[in-house]
Every structure is written in C-alpha cells, then in structure tokens.
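What follows is a set of notes on a single structure, which appears directly below.
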Amino acid sequence: MKTMQKFSERDIALVSLFTAFVAALGLVPTVMLASGVPITAQSLGIMLCGTVLGSIRGFAAAGLFVLLVALGLPLLAGGRGGLGLFVTPSAGFLIGFPFAAFAIGWIVENTKSVGPFWATAGASIAGGVVLLYIPGIFGMAFAIEKSLAEAAVLALPFVPGDILKAVLAGLVTSSLLRMRPESVISRRI
C-alpha cells in the first residue's frame, strides 16, 4: 500500500497551473445545447490533469477548480460560477471533474506497458468520457426532470467531441513525454 505523499512546492505549483489551465479553457467560445449543458474545451483540461499530473495531483487540480467555481469565481465557460451551478444541468459533470481526473491518472499510472498515446487516449476516454458521463447524466436528469434514458440521449451530442478531446489529450501527453519526459508525472509514478 502506498503511503500518503506530501505535496512539494513544485506539486503545488503544478496543481495551481493546471487549475488555471482548465479555467483558461473556459475562455474558448462555447456551444450551448438544448440540454442546458454547454460544449466547452474544459473537459480537455480535466483529461490533461489526469494524463500529465497523475491521479492524486490531477484530482487536486480538478478539485481546486471545482472549489473555486463553488466559491463564486466565474471560471466555467461563459463566465459562470457560484453554488447555484450545482443545481443546473451541468452540475453532475462539474462534480465529476475531480473523479474523472483521478481515474484518468490512475489508468495512465497503471498502464506503463502500453504505449503512451494509447494509454493516455484510452484513459481519457475511460475517465473523461465514460466515467464523467455517469454523474453528468444523473445531474442532467435531476436538473431537467427527465429519466436517465432521456438524459443519456441528450448527452449523446457530446460524445464525438469528447472522444476527439481524448485523442488530443493522448497526442499532447505523448508529445510532452517525448520532449520533456520528466514533466509527465503520471508516467513516473
């Protein structure tokens, strides 16, 4: 069993940097769907939190992002923030961000025998699409008073874009691993 690690100053800086990166991706123009959940680039940032930082640091970066949004900082796409977001159709996705980052990081950390692109893209699909959609669909169903099946159908338009983001996360992480292997913590753990 691994012991709990203390975060170094470098770890704190990286967690903060990735939190800021996820927030910056909220500046990319969004597309609002009929479900009330926008298509944003921020889920790509969550995927990269896991693929680059690993499970614990990725969870911390995504968790800090969610905490800052809950405190009212307008960091979500479209300049949204505050506790009121936790009763909107986006709530489940927002709550799922840290858990998705953790799962992605855990998968990457435990698939070192698989090539970096396939490990990171596959982990991003598993954690950033499949796992993230579970709380996302539950939250959407609750907020818009639809059944889980109806909410799942409303989530379908997100799938192609999120798979594209997962492939992009795989490309970015595997390129970073080639250029600066020491910076991809998930592959060092």
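The values are calculated or read from the model by the stated rules, or taken from the named source; none is laboratory data. From a predicted model like this one, the values you see are computed outputs, not experimental measurements. Methodologically, a virtual Cβ is constructed for each residue, glycine included, from the backbone with ideal geometry; neighbour enumeration extends over all protein chains shown. All accessible areas refer to the heavy atoms of the entire protein, side chains included, with ligands and DNA or RNA removed. Shrake-Rupley method; radii C 1.70, N 1.55, O 1.52, S 1.80 Å.
Return a yes/no flag: does the stretch 157-174 have any residue that is small (G, A, S) and in contact with a strand residue (DSSP E or B) (Cβ under 7 Å, 6 or more places away or on another chain).
Yes.
Just checking, which of A24, A34, A62 is open to solvent by 10 Å² or more (accessible area, probe 1.4 Å) and either under 18 Å from the mean Cα position of the chain (by Cα) or at pLDDT 95 or above (or both)?
A24
Check off (1) assigned to a helix (DSSP H, G or I); (2) under 27 Å from K146 (Cα atoms) for G78 and give me the number that stays unchecked.
(1)
Please tell me if G136 is farther than 21 Å from F18 by Cα and either touching a Gly at 6+ places or on another chain (Cβ under 6 Å) or of a type in the set (D, E) (or both).
So G136 passes the test.
Give the residue that is surrounded by the most Cβ atoms within 10 Å (Cβ to Cβ), with candidates limited to residues of the stretch 76-93 that are aliphatic (A, V, I, L, M) and touching a residue at least 40 places away in the same chain (Cβ under 8 Å).
Restricting to residues being aliphatic (A, V, I, L, M) and touching a residue at least 40 places away in the same chain (Cβ under 8 Å), the top hit is L76.
Can S113 be described as surrounded by fewer than 19 Cβ atoms within 10 Å (Cβ to Cβ), farther than 12 Å from T51 by Cβ and without any contact (Cβ under 8 Å) to a residue 24 or more places away in the chain?
When the stated conditions are applied, S113 passes them.
Looking at (1) over 13 Å from the mean Cα position of the chain (by Cα); (2) within 24 Å of T40 (Cα to Cα); (3) among the charged types (D, E, K, R), which is the only condition E182 fails?
Of everything listed in (1) over 13 Å from the mean Cα position of the chain (by Cα); (2) within 24 Å of T40 (Cα to Cα); (3) among the charged types (D, E, K, R), E182 misses just condition (2).
If you go through the stretch 153-171 one residue at a time, how many are under 19 Å from M32 (Cβ atoms) and open to solvent by less than 50 Å² (accessible area, probe 1.4 Å)?
Residues meeting the conditions: 6.
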